[in-house]
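Asks: Here you go, one structure.
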Amino acid sequence: MKSTAIKTRSITKYSISIFLFFLLSFSYANAHQAGVATAHPLATEAAHQILRQGGNAFDAAVAATAALAVVEPASSGLGGGGFWLLHRAEDGFETMLDGREMAPSKAHRDMYLDKKGNVILGLSINGPLSAGIPGVPAALAHLAANYGNLELAKSLIPAIRYAREGFAVDSHMLDLIKFRQQALLASPAAAKIFLIDGKVPPLGHEIIQSDLANTLQMIADTNGKGFYQGEFANTLASGVQSAGGIWQAEDLINYKLIEREPTRGEYHDLRITSAALPSSGGVTLVTMLNILEGFDLDNASPAQRAHLIVEAMRRAYRDRAQYLGDTDFVKVPIERLTNKFYASGLRSSIHPNKATPSSLLPTVVSNTGTGTDTTHFSILDGDGNRVAATLSINYPFGSAFMVPGTGILLNDEMDDFSAKPGITNVYGLTGAEANAIEPGKRPLSSMSPTFIEDDRNIIILGTPGGSRIITMVLLGILEYADGGYADSIAKLGRYHHQYIPDKIIYERDTFSAEDINQLKKWGHTVEQHSGTYGNMQVVIVDKITETVSASSDPRKGGEASVK
Ligand code: GLY
């Protein structure tokens, strides 16, 4: 009897241990739901599909990157680049995959200037001469091989299906086709896919991309290598050369995906992790937050608050123009620019109710850009792995040049270099020596995939929008600091100042008429944007309740979902 009792107790204890083991393993594997927010419902679905099949956030990021290349071809693609900010849950490791384009070996600093030294308009925006060597295919392979649970080929399946079977054009894409119709017409391969007999297609038109499906399948079959060497790479190089470009087959062989230490900062009790150079996003963001930390924004009036934020933007964007570039080529004073003492100096030059004319700060001139390109997605899996990725081919449809037989639209990221010191790019951004063109160098970017963390929540966010990306992320962080959450961060009214041009651009309904008058009285030039801008994708996990929230910018047709 006694022995039976002991046996029963030990069996019970054993059963409880087994039960607890399974419960813990189960709860570890499904600690919380997964959240995905991307700029297109089909990309969100692709990411969830891969998560359901046992993929982690990194596999889902492969699926979303490839899907966006197919269904949002105006914004990113295999012919472009990007930054993937990663957090691995099991050991807290964080890194940024730098898949930014590299300047071809035959690029040189005056390549967009005429004999008189003037910039030739359009040369760095349209056609193959504007394209850097793409990094997206290398990043897909690197993500899958080093961080994913699944084979690259498996995570590419949804994108290959979308390319082969087609998808319906939405109104956002239609607007961008109209905007780039002339440039697309110059490339017969691109015009064949995105136009019908040279005309803009109707809403809902099915876009089938068989060449792109074959290229994605080749990438799957060769684990990404086939893009950068052999027959396919030769096709890319000769296709570019026969249309007037300068790519060499060796430029593709020499492309390097780089892992970089993210840029970090703190704003009150928030820990910020964002992009490293060659994105200016992290450094510029940290400079602005450091300046603002010394102001009592909570008790400022709306106009006062906007004034202080704008003055922080002005100063950080001046430094961006002056100092930032690819750290593999130039020395950038990152320590100084992200230091809180340095920010105190900048803060002390801000008058509480008077705009500082940008002309009183050292450096150059410009106009403003459209900011409609690029894409961002945020992914959190059930284990807490996360990815914030901002990807681009630069201008809508990039260079608008498609290499015949490949389905690949090339980027026009070379325009993110400063073609000539002091001369502005398509976003009205100015630059100095640090961002001059050199073979193998990466153009300065504004893409700012970002994590924000405090004791309660982890936020994954980012947005497209050219030069305005960094100020949108800043406003998102300040909204969270003010008690906002996923939906309010995504829909928040936006305003922007980038030092040059010396004006505040704002979205309708962001400021009251009274605040606008006040800002004008304080010496600001204020201009309402003609429409909306940005496409913010936010995922938040509450660490205490393990509740996941996600939101896709209501301005565009993206989709956020928690499953
Ligand atoms: N091409 C936009 C950016 O990298 O900022």
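The values are calculated or read from the model by the stated rules, or taken from the named source; none is laboratory data. In this text the structure is predicted, and so the values were computed from the model without any measurement. Glycine gets a Cβ as well: all are built from the backbone with ideal geometry, and neighbour counts include every protein chain shown. Ligands, DNA and RNA are excluded from the accessible area calculation, which covers all protein heavy atoms including side chains. Shrake-Rupley method; radii C 1.70, N 1.55, O 1.52, S 1.80 Å.
Asks: With 10 Å bins from zero, work out the P(r) of the chain over every alpha carbon pair and list the percent per bin.
Replies: Going from the shortest bin to the longest, the percentages are 4, 19, 29, 26, 14, 5, 2, 1, 1, 0, 0.
Asks: So what's the net charge close to residue 354: Lys and Arg +1, Asp and Glu -1, counting the other residues with Cβ under 15 Å from its Cβ?
Replies: Around residue 354, the surrounding residues sum to +3.
Asks: Show log10 I(q)/I(0) for segment 196-315 at q = 0.11, 0.13 Å⁻¹, two decimals, from a solvent-free Debye sum over equal Cα scatterers.
Replies: -0.75, -0.82
Asks: Kindly write out, for segment 134-142 in residue order, the coupling ³J(HN,Hα) from the Karplus curve 6.51 cos²θ - 1.76 cosθ + 1.60 (θ = phi - 60°), rounded to whole Hz, with x marking Gly and Pro.
Replies: x, x, 4, x, 5, 5, 4, 5, 5
Asks: While we're on this one: Short version: ³J(HN,Hα) in whole Hz for each residue of segment 517-528, in order, from phi by Karplus 6.51 cos²θ - 1.76 cosθ + 1.60 (θ = phi - 60°), x for Gly and Pro, what are they?
Replies: Per-residue couplings from phi come out as 4, 4, 4, 5, 4, 7, x, 8, 8, 10, 9, 6 Hz.
Asks: With a point put 7 Å past each Cα toward its Cβ, work out how far residue 351 is from residue 520 in nm, to one decimal.
Replies: 1.9 nm
Asks: Sticking with this one: Step through the residues of segment 228-245 one at a time and calculate ³J(HN,Hα) from phi using the Karplus curve (6.51 cos²θ - 1.76 cosθ + 1.60, θ = phi - 60°), rounding each to whole Hz and writing x for Gly and Pro.
Replies: Coupling constants for segment 228-245: 9, 8, x, 4, 5, 4, 5, 4, 4, 4, 6, x, 5, 5, 5, 9, x, x Hz.
Asks: Using +1 on the beta carbon of Lys and Arg, -1 on that of Asp and Glu, and nothing else charged, what's the dipole of segment 431-563 about the Cα centre, debye to 20?
Replies: 400 debye
Asks: Next question. Set Lys and Arg Cβ to +1 and Asp and Glu Cβ to -1, take the dipole of the chain about its Cα centre, and tell me which of 203, 334, 233 lies farthest positive.
Replies: Result: 334.
Asks: Quick check for me: using +1 on Lys/Arg Cβ and -1 on Asp/Glu Cβ, what's the dipole size of the chain about its Cα centre, in debye to the nearest 20?
Replies: Here the size comes out at about 300 debye.
Asks: Determine which lysines satisfy two conditions relative to residue 441: a Cα distance under 26 Å, and not lying fewer than 8 residues away in the same chain.
Replies: Cα-Cα hits under 26 Å: 106, 115, 116, 225, 256, 331, 420.
Asks: Please list the radius of gyration and Dmax for segment 172-229, considering alpha-carbon atoms only, with Å as the unit.
Replies: In order Rg, Dmax, the Cα atoms of segment 172-229 give 14.1, 38 Å.
Asks: Now a separate question. Of the accessible area of segment 445-516, with the probe set at 1.4 angstrom, what percent is carbon plus sulfur?
Replies: Its accessible area is 43 percent carbon and sulfur atoms.
Asks: Moving on. Going from most exposed to least, what order do 327, 471 have by accessible area with a 1.4 Å probe?
Replies: Heavy-atom accessible area, descending, gives 327, 471.
Asks: Need the list of lysines near residue 491 for cross-linking: C-alpha distance under 20 angstrom, and skip anything on the same chain fewer than eight residues off.
Replies: 556
Asks: With Cβ to Cβ distances under 13 Å as the rule, what net charge do the other residues near residue 211 carry (K, R +1; D, E -1)?
Replies: Result for the neighbourhood of residue 211: +2.
Asks: Translational diffusion coefficient of segment 442-553 at 4 °C, 1.567 mPa s, Stokes-Einstein with Kirkwood Rh over Cα pairs, in µm²/s as a whole number.
Replies: The Stokes-Einstein estimate is 86 µm²/s.
Asks: Moving on. Tell me which residues come under 5 Å, amide H to amide H, from residue 279 once H is placed; ignore anything under 5 positions away on its chain.
Replies: For residue 279, whose amide H was placed from the backbone, the distant partners under 5 Å are 445.
Asks: Can you give the calculated 222 nm mean residue ellipticity of the chain, where each DSSP H run of n ≥ 4 adds -39,500 (n - 2.57) and the sum is split over every residue, rounded to the nearest 500 deg cm²/dmol?
Replies: Calculated from helices alone, the mean residue ellipticity at 222 nm is -11500 deg cm²/dmol.
Asks: Given 37, 385, 118, which one lies farthest toward the positive end of the charge dipole of the chain, if we put +1 on the Cβ of every Lys and Arg and -1 on the Cβ of every Asp and Glu?
Replies: The residue sitting most towards the positive pole is 385.
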